[in-house]
Amino acid sequence: MNKHFEDAWYYLRRAGEHLSVGIREEAEPVERRVRKMLGREKAEEVPPSGRQRLEAELRRRTPRRVEVGGKKAMRRAQSGIRRYRGGSAE
């Protein structure tokens, strides 16, 4: 894939993540009021420490990054082998 498309997909994903976080933050007061009116308040959660938050983020993102990186490495290796053999060798 063209480097420009890879960059565009990266920034599109980042924008989507920021959008979802922003929407959650904006909707939180409304959700709290509705839950209070319905009698379904959430139990107050203790905010995670910096380390806990970092560990959770790494657990969530690392498998996807490894998968994508592995697939890219395989494509590059296959492409290099094809070039070495002089074209499309199957």
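The values are calculated or read from the model by the stated rules, or taken from the named source; none is laboratory data. Keep in mind that this is a model prediction, so the values were computed, not measured. Glycine also receives a Cβ, built like all others from the backbone with ideal geometry; neighbour counts cover every protein chain displayed.
For this structure, a couple of remarks:
- Within the range 17-52, the residues that satisfy the criterion of being within 28 Å of ARG65 (Cβ to Cβ) and in a helix (DSSP H, G or I) are GLU17, HIS18, LEU19, SER20, VAL21, GLY22, ILE23, ARG24, GLU25, GLY50, ARG51, GLN52.
- Condition check for ARG14: assigned to a helix (DSSP H, G or I) and either farther than 30 Å from ARG76 by Cβ or assigned by TED's automatic domain parsing to the domain that holds ARG75 (or both): no
- Against the test of being more than 20 Å from the chain's Cα centre (by Cα) and not hydroxyl-bearing (Ser, Thr, Tyr), the options GLU25, GLU31, GLU17, GLU67 yield a single qualifying residue, GLU31.
- Residue within the range 37-53 that is out of contact with any strand residue (DSSP E or B) (no Cβ under 8 Å at 6 or more places or on another chain) and within 30 Å of ASN2 (Cα to Cα) present: no
- Exclusive hit being surrounded by 10 or more Cβ atoms within 10 Å (Cβ to Cβ) and at pLDDT below 90, set ARG13, ARG61, ARG51: ARG61
- Failed criterion for GLY69 (all others in (1) at pLDDT below 80; (2) among the small types (Gly, Ala, Ser); (3) closer than 30 Å to LYS3 by Cβ hold): (1)
- Residue match in the range 72-90 (condition: exposed (fewer than 10 other Cβ atoms within 10 Å of the Cβ) and either within 19 Å of the chain's Cα centre (by Cα) or of a type in the set (Asp, Glu) (or both)): yes
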